[in-house]
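Here's the structure, in structure tokens; my notes come after.
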Amino acid sequence: MNATTKIIGSLFILALAPATLWATQQTSQAAQHNISVISQNQPDFSWIYVQKNGEMTVGAGNRDDWEKLTRQGNPYQTDYLWFKSAGIAYVITDPVLVDQIKSAIIPMQQHGDKMQAVGEKMQQKGDAISAQTNKLLLNLTSGEEDPEVKSQIDDLSESMEVLGKEMEQLSMVHQQLVNQAEKQVTALVQEAIKKGTATVMPASKKQI
């Protein structure tokens, strides 16, 4: 394999890295309680978990939902679940139900920590590949060849490939956890509506 082929291979890996890192950044935000996991199973159902201090946590909703709740803060002085079903917005503040909802989303958040760690490693490897590739390009323009630099690029590329496969596997598991959490939250919400423990928000008529 010649130097040009190695450069192209390295640049190809760098081109793929941003997409993977984007997914990781989203999951990283989940661990920091500020991520929207868009539902693909129930597009007419949105939900967002809000902490006592008003900080957002995991949920499924469009940007307007998140921004609206961010602006209003937390008027309930406790953790609560906001959700919208059939165009009507509700809140659940019942401690027992809120704890059940929190338990349902914890596995997804914990798994997000693993994806964050892998994403950080990929970022480091990507930065290193970029630096070494720039060095190699400079050497080529000056007519010099540095076997050590090329070897480092190969090693970093192999490491990136391994991390990429690991991220792919983690992403598959994460999606399963997302689906599981969504299913549990949906069931708890439906139960809350039936029992009357879900309170209709006045603003729901305005489609917040």
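Values as computed for the structure displayed
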| quantity | calculated |
| --- | --- |
| Taking only Cα atoms of region 85-196, radius of gyration then Dmax in Å | 23.5, 77 |
| Cβ-derived FRET efficiency at R0 25 Å, GLU55 paired with GLN169, nearest 0.05 | 0.25 |
| Accessible surface, region 53-194, averaged per residue in Å² (probe 1.4 Å) | 54 Å² |
| Computed E for ALA128/GLN176 - FRET, C-beta separation, R0 25 angstrom, nearest 0.05 | 0.20 |
| Label point distance in nm, LYS102-ARG63, each placed 7 Å from Cα along Cα→Cβ | 3.1 nm |
| Sulfur and carbon atoms: percent of accessible area, region 63-208 [1.4 Å] | 50 percent |
| Total lysine pairs under 14 Å (Cα atoms) in region 65-208, excluding pairs fewer than 8 apart on one chain | 8 |
| Length released on extending from ASP154 to LYS195, taking residue separation times 0.36 nm less the Cα-Cα span | 8.7 nm |
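The values are calculated or read from the model by the stated rules, or taken from the named source; none is laboratory data. Computed from a predicted model, the values in this text were never measured in an experiment. Every residue, glycine as well, gets a Cβ built from its backbone with ideal geometry; the counts of neighbours run over all protein chains shown. The protein model used for the area step is the full one, side chains on, heavy atoms only, and it has no ligands, DNA or RNA in it. Shrake-Rupley method; radii C 1.70, N 1.55, O 1.52, S 1.80 Å.
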